[in-house]
1. Pulled fully out, how much extra length does the chain show between GLN137 and LEU37, if you take 0.36 nm times their separation in residues and subtract their Cα-Cα distance?
2. Which entries of LYS74/LYS112; LYS49/LYS106; LYS74/LYS106; LYS74/LYS109 show an alpha-carbon separation above 18 angstrom in the structure shown?
3. Within segment 65-80, what residues put their amide N at less than 18 Å from the label point 7 Å along the Cα-to-Cβ vector of ARG118?
4. Counting Lys +1, Arg +1, Asp -1, Glu -1, what net charge surrounds ASP101 among other residues with beta carbon under 12 Å of its beta carbon?
5. Mind putting a number on the dipole of segment 34-103 about its Cα centre? Charges go on the C-beta only, +1 for Lys and Arg and -1 for Asp and Glu, and I need it in Debye to the nearest 20.
6. Using a cut-off of 17 Å between alpha-carbon atoms, which lysines can reach LYS51, once sequence neighbours fewer than 8 places away in the same chain are excluded?
7. At what distance in nm do the modelled label points of THR79 and ASN93 sit from each other, each positioned 7 Å from its Cα along Cα→Cβ?
8. When Lys and Arg each count +1 and Asp and Glu each count -1, what net charge do the other residues less than 15 Å away from THR90, Cβ to Cβ, add up to?
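FYI, it's all coordinate maths here, none of it is from the lab. Everything numeric in this text was worked out from a predicted model, so none of it was measured. Neighbour counts are summed over all protein chains in view; Cβ atoms, including those assigned to glycine, are modelled from backbone coordinates with ideal geometry.
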Amino acid sequence: IYTGEDTLSLHDALPIFEKNIVDSDIIYELADTYLCLHDYERAFNWTQKLKAQSPQDCRSLLLEIQLLLVHGKKEEALTTLNHLLSNKITLKNEKDYQLLDMLIEKLKKIFKADKLMRRCPNLNTYQKQRRQSLKTQKQKNPVNHNLTVHQSILYDCGVLFHIFPCHQDGNNQHF
């Protein structure tokens, strides 16, 4: 950015731009963008700002779980998941539900099922309700989409490739 005598690099200009942001949607987008760019420190800082500003915003908890998993902090991720499920925090849209489903699947691979269910007593209830909701949606709109739920989220944020590696065998993709 040209300022007359001096110029600022983008690296120097972003913190100036970021100082006055208070809109929770913009804060979320910044945290998510930094997560996708693997700038985990900034992603964490913006996630914490979103969490402080809107404690009941599910997006901050979903971001926090992703960041914790990236850093191998599986116990903390499980605690955050339990907080999300036990406080009946409302997910805003289908994308949030899909992301939560993917994070749960990742945690199932890390923890034994019985430990996961013991530590997150509301997980079973959430999964039953989610299956019923998906069944109802499928009955209302039986359109076959080319992208799976997992693929559409992966395209939205490349960092999930790191969290949820996928491999192909034949025509099937496995996460």
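1. 32.7 nm
2. Violating the 18 Å Cα-Cα cut-off are LYS49/LYS106.
3. So the set is 74-80.
4. With Lys, Arg at +1 and Asp, Glu at -1, the neighbours total +2.
5. 140
6. The reachable lysines, counting only those whose Cα sits under 17 Å from LYS51, are LYS19, LYS88, LYS92.
7. Reported label-point gap for THR79 and ASN93 is 3.2 nm.
8. +2
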